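What follows is calculated from the coordinates using simple rules that are stated; it is not laboratory data. In this text, all values refer to a predicted model and were calculated from it rather than measured experimentally. Using ideal geometry, Cβ is built from the backbone for each residue, glycine included, and neighbour counts are taken over all protein chains shown.
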């Protein structure tokens, strides 16, 4: 299956997403706790897709998941990025999609919905 980079500042979210992805048969090749680290790991590892938390603390001028997505897509315009967002962040989701994100999923993440989004992503 796919090789995945999980990006979220909350360790518990990374753990939960990792469990779901591994249950689906995907390989989590790395995790990042902020967008700055995510950019470096993407460039180093070239995952098949990324799950990217939309709201994370600022590190080295990368302010959130949207900024990291923008930088990753500048590096690789074929990057596949699923934004992970909370209700009420529609404006951020729109900005993320405009900046190259492939799709999004709402927290709390449901296994079936994540699987559906990933299957659509991998077919495209």
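What the table below lists for this structure:
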item	result
Fewest-first ranking of 121, 5, using other Cβ atoms within 10 Å as the exposure measure	121, 5
Residue order, fewest to most beta carbons within 10 Å, for 9, 40	40, 9
Rule-of-thumb Rg ratio for the stretch 51-90 [Cα; 2.2 N^0.38 Å; N residues]	1.17
Residue-span extension gain [residue 112 to residue 19] - 0.36 nm each, minus C-alpha spacing	32.2 nm
Convex hull of the chain built on C-alpha atoms - directionally averaged projected area, nm²	6.6
The stretch 1-79 versus the stretch 82-124: alpha-carbon centroid distance in Å	13
The chain - mean residue ellipticity at 222 nm from DSSP helices (-39,500 (n - 2.57) per run, n ≥ 4, rounded to 500)	-14000 deg cm²/dmol
